[in-house]
Amino acid sequence: MKEWLKKIKSRSNLDSDTLSLIVAIGFMALAIINPSIPLKHNIYNYMFVADISQSMNTVDMSIMNKPVSRLQYMKHSLHEIMSELPCGTKVSIGMFVGVSVAASYTPIEVCENFDAIEDTIDHLDWRAGWSGNSRIRESFFNLARLIRSFPENSQVVYFTDGEEAPKLHTFNTRDLGQFQGGNDWVIVGVGSLKGAPIPKLDGKNQLIGYWSSDSFGLQPGIAQISEANLGTRDNVVAGGESDRYISKLDEAYLKDITKQIDGIYVRGDSVLNILSAMKKQKPAWQDTADFHLKWFFASLAGIIFSLRFISIKHIKQYVIKRRK
């Protein structure tokens with residue numbers, strides 16, 4: 001009886017080894033053929049819009065307990081966001097001032113062009129502005145047209161303090177009721193609710209004073225509208241603290257216009273909150289790509305082939321030895 005059991009066991013072991021070897025060879029053959037299955041995956045393209053108007057020079061934010069301007073804080077946030085984006089994501093950096101947005105380039109892949117994108121962010125500067133005003137509502141229409149000119153659709157992440165200059169009134173408030181294209185845009189509010197004066201800087205970025213309240217006074221009528229289109233602004237510098245215009249994050253206004261365009265508003269004091277809001281955006285589009293199974297079958301072959309050399313007896317001996 002014992003001899004018969006030994007023969008059965010010996011024959012069974014031989015069949016298992018042979019079978020495992022055949023299966024391993026079969027999986028290796030499949031790995032060489034390299035079959036694939038079509039899988040749908042989301043494509044994410046982003047247009048990051050940076051407000052570079054002069055109100056973004058207001059120092060009412062902080063990084064590591066050090067006071068910084070809204071512009072510096074925005075650049076810091078953009079750097080952190082870029083480091084969190086997965087490879088395959090495409091990114092463009094745009095600048096907003098006046099009534100329009102200019103793109104530095106059409107969306108490019110973030111990992112292959114990481115240094116170039118980081119350099120673009122580093123060079124965001126209010127002196128690159130081509131207008132003295134900031135008309136956020138108007139910029140939405142120009143931004144939508146700009147994105148339609150891209151070879152691929154893009155989602156928008158728009159950084160701004162909500163400062164409209166000149167101030168809005170009946171004659172210069174653009175109706176957003178018929179606006180199309182803002183679905184899922186993320187509007188990021190940058191600045192404090194307490195506010196601070198807007199510094200007036202010279203061409204060398206040296207402080208020469210602060211913008212006065214007169215610079216932002218309401219002047220209803222056609223003259224104001226024409227002035228806005230020309231991109232000029234009252235050049236008055238405040239003489240004392242009482243004359244300074246205090247700029248604040250206009251969160252109520254940003255929430256209102258975000259709602260009107262069916263977008264998503266988030267305050268920009270947390271990169272995690274911005275990334276969370278971006279996850280709510282729909283992908284730019286979906287594409288189908290082949291998922292190759294070469295390494296999957298090769299791994300299975302390797303595992304099965306290796307198991308042939310692992311003895312249960314050796315495993316038991318190892319466990320007993322570990323217990324001692």
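The values are calculated or read from the model by the stated rules, or taken from the named source; none is laboratory data. Please read these numbers as outputs of a predicted model, since none were measured by experiment. Positions of Cβ are backbone-derived with ideal geometry, glycine not excepted, and every protein chain shown enters the neighbour counts. For accessibility, only protein heavy atoms count, side chains too; no ligands or nucleic acids. Shrake-Rupley method; radii C 1.70, N 1.55, O 1.52, S 1.80 Å.
What to note about this one:
- Electrostatic tally near Asp119: other residues with Cβ closer than 13 Å to its Cβ, Lys and Arg +1, Asp and Glu -1, net -3.
- Unsatisfied cross-links (Cα-Cα over 21 Å) in the set Lys66/Lys280; Lys248/Lys280; Lys75/Lys248; Lys167/Lys200: Lys66/Lys280; Lys248/Lys280
- Taking Lys and Arg as +1 and Asp and Glu as -1, the other residues whose beta-carbon sits under 12 Å from that of Val68 total +2.
- Solvent-accessible surface of the stretch 40-193, averaged per residue with a 1.4 angstrom probe and all protein chains in place: 40 square angstrom.
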